[in-house]
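The values are calculated or read from the model by the stated rules, or taken from the named source; none is laboratory data. What you see is a predicted model, and the numbers here were worked out from it, not measured in a lab. Don't worry about glycine lacking a Cβ; one is built from the backbone with ideal geometry, like all the others, and counts go over all protein chains shown.
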Amino acid sequence: MNIPRLMLTAPASGSGKTLLTCGILQALIKRGLSPCAFKCGPDYIDPMFHRTVLGTQTGNLDTFFTDEETTRRILARGAAGKDLALLEGVMGFYDGLGTGTKGSAYDIARVTGTPCVLVVNARGMSFSLAALIRGFASFKEGGHVRGVILNQMSPALYDRLKGPIEKDTGIRLYGCLPRMEEAVLESRHLGLVMPEEIGGIREKLDILADEIERRIDLDGLIALAQEAPDLEAGETDVPGTDAGADAESIAGAGAGDGPVIAVARDEAFCFYYRENLELLERLGARLEFFSPLRDAVLPKAGGLLLGGGYPEIWARELSANEGMRRQIAEALSGGMPCLAECGGFMYLQEQMEDMEGRLWPMAGFFSGVSRRQKKAVRFGYITMEANPGADLPFGDPGQVRAHEFHYYDSTDNGALFHARKAFPGSGWDCMRAKEKTLAGYPHLYYAGCPALAKSFLTECVSYARRRGGAEAGAGAEDCGGTKA
């Protein structure tokens with residue numbers, strides 16, 4: 001497939017990748033183009049900023065979660081019909097698992113054949129930039145570094161350095177961006193704040209896009225993206241799935257529409273991979289979004305997704321919506337299938353501590369209390385396998401790759417699975433189950449474990465049919481009939 005594409009990467013986190021990615025996306029849109037965006041790695045928050053610009057959900061590419069073929073297929077599916085795909089790197093360009101490059105921005109560029117532009121924070125540097133640029137460009141053969149943007153550099157100094165740096169490195173400089181106080185993106189304990197929390201973000205992005213048009217060779221970047229080789233992606237379904245056949249198998253031949261899945265999505269629960277939701281839809285699910293913060297009624301559904309996010313910031317409000325807490329606990333106690341991750345797991349416990357150290361009642365489906373810790377509890381990629389004898393609500397999915405990043409911990413994290421870090425020497429038990437609910441701190445990427453997604457939806461269909469039959473029987477009895 002011919003997919004013009006480009007990756008913005010950097011020597012380290014904090015170099016300005018997200019700022020530049022959003023600004024370039026906005027500038028492309030103002031030119032009348034239709035770009036799409038991807039975040040390399042397991043990040044949830046950066047794609048929210050991409051979505052603010054694009055007005056649509058953006059995706060993730062992760063070579064730890066998925067094999068090379070699947071990674072290319074996800075890129076091909078997400079970029080279909082777009083003028084240009086802009087990928088935002090993760091951490092430093094070569095930073096991957098442990099001491100290697102697996103899962104790094106470099107690895108994703110290699111797998112997808114994407115040309116890269118290095119975003120360098122030039123503050124406090126001048127000609128030393130040449131050594132840094134040459135080192136990153138030549139460190140790995142086929143490293144794909146084709147250009148550089150210098151961030152936080154005065155245009156006057158850039159004009160003096162551009163020629164000498166290009167001469168000594170053989171790498172093209174595509175421009176600079178001075179420090180712009182009016183376009184700074186704030187941070188909090190898990191990373192950037194949410195886009196909607198930044199006052200005047202649309203105006204900030206417009207200002208940033210205008211400055212990028214002045215200071216950065218956007219025409220050159222577009223031309224570089226068009227030089228990307230054709231993407232060898234094969235079929236665009238996830239390996240291990242056949243959307244049409246699987247959807248029919250899950251719902252049953254001739255059964256019509258697949259199950260409705262209630263998806264908690266608001267300020268408290270907002271960490272969802274686009275690819276997860278899309279895979280469920282391709283397998284026949286119909287997604288209905290609701291807010292545990294504000295809604296009074298849980299949607300009528302065959303299953304429930306409780307994603308991660310910032311429930312600790314909204315603990316008071318979540319607790320105050322007592323009706324929703326009760327309905328969710330009753331539905332799950334009645335056998336509604338549920339997958340709950342991180343913040344969703346915290347919500348299902350008895351109590352949650354807020355950012356000020358106050359405890360608030362939660363759904364109470366699981367025993368336990370979630371409290372804030374002084375530092376990140378568990379951070380990074382993990383591989384999970386079910387412990388012997390574990391009673392799993394959706395069968396044994398085999399080896400599951402996941403990711404954790406949280407400052408909270410529970411008094412009972414469960415012991416259904418054993419998790420191991422990607423490099424040797426660290427492991428722990430995790431995940432809890434009750435009725436048809438599987439919950440824990442790990443975040444899952446369904447394209448890497450499609451068997452779990454299919455088994456979950458199969459259980460959702462069974463639950464919906466059981467509930468539908470019970471409701472029909474109750475209605476008949478109310479009218480003087482008898483239950484079937």
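Some notes on this structure:
- Test: residue in region 47-61 that is assigned by TED's automatic domain parsing to the domain that holds SER13, closer than 22 Å to LEU221 by Cα, under 13 Å from the mean Cα position of the chain (by Cα) and in a loop (DSSP other than H, G, I, E, B): yes
- Identity of the residue in region 77-106, within 20 Å of GLY14 (Cα to Cα) and acidic (Asp, Glu), that ends up nearest to the chain's Cα centre (by Cα): GLU88
- Where a residue in region 397-426 is without any contact (Cβ under 8 Å) to a residue 12 or more places away in the chain and its partner, wherever it lies, is outside any strand (DSSP E or B) and not basic (Lys, Arg), with Cβ under 9 Å and at least six apart: PRO424/GLY98
- Verdict on MET153 being outside any helix (DSSP H, G or I), more than 27 Å from the chain's Cα centre (by Cα) and surrounded by fewer than 24 Cβ atoms within 10 Å (Cβ to Cβ): yes
- Remark: THR18 falls outside the filter, which requires a residue to be part of a loop (DSSP other than H, G, I, E, B), polar (S, T, N, Q) and in contact (Cβ under 8 Å) with a residue 12 or more places away in the chain.
Residue-wise test of (1) under 24 Å from HIS403 (Cα atoms); (2) over 21 Å from the mean Cα position of the chain (by Cα).
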site	(1), (2)
ASN2	no, yes
THR9	yes, no
ALA12	yes, no
SER15	yes, no
CYS22	no, no
ILE29	no, yes
LEU33	no, yes
ILE45	yes, no
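- With respect to the stated conditions, CYS36 is in contact with a strand residue (DSSP E or B) (Cβ under 6 Å, 6 or more places away or on another chain) and of a type in the set (A, V, I, L, M, F, W, C).
- Tally of residues being modelled with pLDDT of 95 or more, among the aliphatic types (A, V, I, L, M) and within 21 Å of the chain's Cα centre (by Cα) across region 280-299: 3
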